[in-house]
Amino acid sequence: MALMTGNTKAAQSAGGNDLRIFVFALFFIFGGITSLNDVVIPKLKALFTLNYAEAMLVQSAFFAAYFIISLPAAEIVKRFGYMRTAVVGLVTMTIGCLLFVPASASGQFGMFLFALFVLAAGITTVQVVANPLISMLGNPATAHSRLTFAQAFNSLGTTIFPYVGSILILGSLSTVDPAKLSGAALDSFRAVETQVVEHTYLGLAAALAVVAAVVWFERKRLVEAPGEPGSIAAAFALLKRPRFGFGALCIFLYVGAEVAIGSLMVNYLMQSSVLGVAAEDAGKHVPYYWGGAMVGRFVGTYFLRVYSPGKVLACFTTAAIALLAISANSVGFISGYALLAVGLCNSIMFPTIFSLASEKLGDRTAEGSGIICMAIVGGAIVPWVTGGFADLSHSLKFALVVPAVCYATILSFGWYARRPA
């Protein structure tokens, strides 16, 4: 029996509303933890005296996990089901958080990258579970709006976590210049200064362990039939379908653009030509970016029920490009808040691209979800390219051309997919 067919029937007969709450909670958790990177980056950039391209390796290490782990996670879903796979993901996330302890003790940037990769491997596994599961829990005709509504909980996490993180992590930026230290003194300084990062992730590890235990004890709530194992080559064959292949490319570009903007936001707002504020204050503005996505997703749920999802996607990407142009060509309040407002435009993009690309995959939806989650590796590559543009041009504003090109491509996909598959 194909996994998705069997599971759809099981999901609809096993208390769909209760399971939706469980999935909403997963979206909240992995969204919030992912957004913490935006406040970790300026902290590590200062401590390890990194340029922008080097600092973006935080996102490269994190989002590389999507490329490596997504298809294996899809196979775990097929073999063991959604609930057990969710536990695997949550436990892996817990281990990743705990790895910040040796990373802090070592005072080595590479150790932080490794901890972030393991953490992201768990998040990838959870996301491979969450995206198709929420699409299954209800009428297929309203999958676009239901996934968008679930993504609003993801945005709730990305709104809350950076604000708290900016207080815990950025509020303690030292006045000591690490570039003036060397040897044991530098190692000791970094170990002490990174303890705030360590303590933040230890708290997350404790919370994740509790959630994993709850999901394990509730695992029988969803009765699932094991699916047939597939091959990686067969999964990649889905990319030959024009609509799916184009959609996977747009997921790559969308995540890359969203992450690139969020990653640079603190340093962008700190510029004297923008808001000229301190790191902690700039970090407290980041929730406006992610909060805009949350508001837009609740509002977008209505528009996606009334209008063609492809046309709605095209309109939102057009607005994002316009805001990037305004931010790059203005100063002060207008420049800063135009960039923050891009978050509102990002709101419906991921769920709409995901559902448009996945239309009529049928029994191959799990494979499709794995491929699309692999495409999230755009968050590893596009921010690094954006950081490189910033270093070469010595201008964060000029670097905004990279996400603008990404949004332009997504606009064309929205227009291409404006009619049902």
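The values are calculated or read from the model by the stated rules, or taken from the named source; none is laboratory data. In this text, all values refer to a predicted model and were calculated from it rather than measured experimentally. Virtual Cβ from ideal backbone geometry, glycine too; neighbours counted across all protein chains shown.
Residues that are aromatic (Phe, Trp, Tyr) and surrounded by 24 or more Cβ atoms within 10 Å (Cβ to Cβ): find the helices (runs of 4 or more DSSP H) completely inside region 38-151 holding 1 or more of those.
57-80, 82-98, 100-106, 109-136
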Practice item. Just one of (1) at pLDDT 95 or above; (2) more than 21 Å from the chain's Cα centre (by Cα); (3) buried (at least 23 other Cβ atoms within 10 Å of the Cβ); (4) under 26 Å from residue 359 (Cα atoms) trips up residue 304, so point out which. Key: (1)
Study note, to complete from the structure: Only one of 126, 39 is within 29 Å of residue 189 (Cβ to Cβ) and in contact (Cβ under 8 Å) with a residue 40 or more places away in the chain, namely 39
Exercise for review: Report, by residue number, each residue of region 213-265 that is over 30 Å from residue 292 (Cα atoms) and either modelled with pLDDT of 95 or more or not in a helix (DSSP H, G or I) (or both).
Suggested key: 218, 222, 223, 224, 225, 226, 227, 228, 229, 230, 231, 241
Exercise for review: Looking at (1) surrounded by fewer than 18 Cβ atoms within 10 Å (Cβ to Cβ); (2) within 30 Å of residue 81 (Cα to Cα), find the lone condition where residue 355 falls short.
Suggested key: (1)
Check your understanding: residue 107 passes all but one of (1) at pLDDT 85 or above; (2) within 26 Å of residue 265 (Cα to Cα); (3) not aromatic (Phe, Trp, Tyr); which number fails?
Key -> (1)
Check your understanding: Looking only at region 39-80, which residues are in contact with a Lys or Arg (Cβ under 8 Å, 6 or more places away or on another chain) and modelled with pLDDT under 85?
Key -> 47
Review point. Applying the selection to region 289-324, what residues are farther than 24 Å from residue 159 by Cα and in a helix (DSSP H, G or I)?
Key: 305, 306, 309, 310, 311, 314
Study note, to complete from the structure: Sole miss for residue 285 among (1) over 19 Å from residue 324 (Cβ atoms); (2) in a helix (DSSP H, G or I) is condition (1)
Check your understanding: Out of region 270-282, which residues are surrounded by fewer than 24 Cβ atoms within 10 Å (Cβ to Cβ) and assigned to a helix (DSSP H, G or I)?
Key -> 270, 279, 280, 281
